[in-house]
Amino acid sequence: MFLSRAVPLTLAVAAVACSSGVDLLRLDTTVRPQTHPDSIRFLVEEPEQPYTVIALIAAHDVGSGFLGLFRKPARTSLQEAAARLGGDAVLVGTGSLSRVGTGGESGGTVLQLSGKVIVFDREAARAN
C-alpha cells in the first residue's frame, strides 16, 4: 500500500525538479542575499551605473508538474533564478531570444531567453 503511493509521488516530485528550464553558468561565487523576482529588471542596453556580471543564464518555456500541465514562461524562470543569486537585473541583447529544438521524437521547438545576471556596484556608484 505504501509503495503504491510513494512511487507516483516520487515521480511527480522528480518531474517538477527536472523541468526547471534554466541553464546557469555562475561566474562569481560570492553569496548574496536573495532578491524578490519582481524586483529583477530586464535591460536591453548596457547600464551607465557600474555593475558586475555574476552569471550567464538561459531559460526556456517548460511544462512542469504531472504531464506538463502547468507552463512557466522563460521570463519568469529567468527572474526567479536571478533573484535566487541575489541579482539586480538581467542584461539581454539582440541574440537573447531564440527558438531551440527540444530533441526527441516530437522535433518541436521552444522559446529560449538568455542573458547576463548582473548586480550593481553600489560602492562604485557612491564614490562618483
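The values are calculated or read from the model by the stated rules, or taken from the named source; none is laboratory data. All of these numbers come straight from a predicted model, not from anything done at the bench. Backbone-built Cβ (ideal geometry, glycine too); neighbour counts: all protein chains shown.
For region 33-56, the candidate set comprises residues that are at pLDDT 95 or above and among the β-branched types (Val, Ile, Thr); within that set, the residue that is farthest from Val22 (Cα to Cα) is Thr52. Entry remark, region 80-108: residues being over 20 Å from Glu46 (Cβ atoms), modelled with pLDDT of 70 or more and either among the acidic types (Asp, Glu) or not in a loop (DSSP other than H, G, I, E, B) (or both) number 7 in total.
Looking only at region 109-127, residues that are modelled with pLDDT of 90 or more and part of a strand (DSSP E or B) come to 7 in all.
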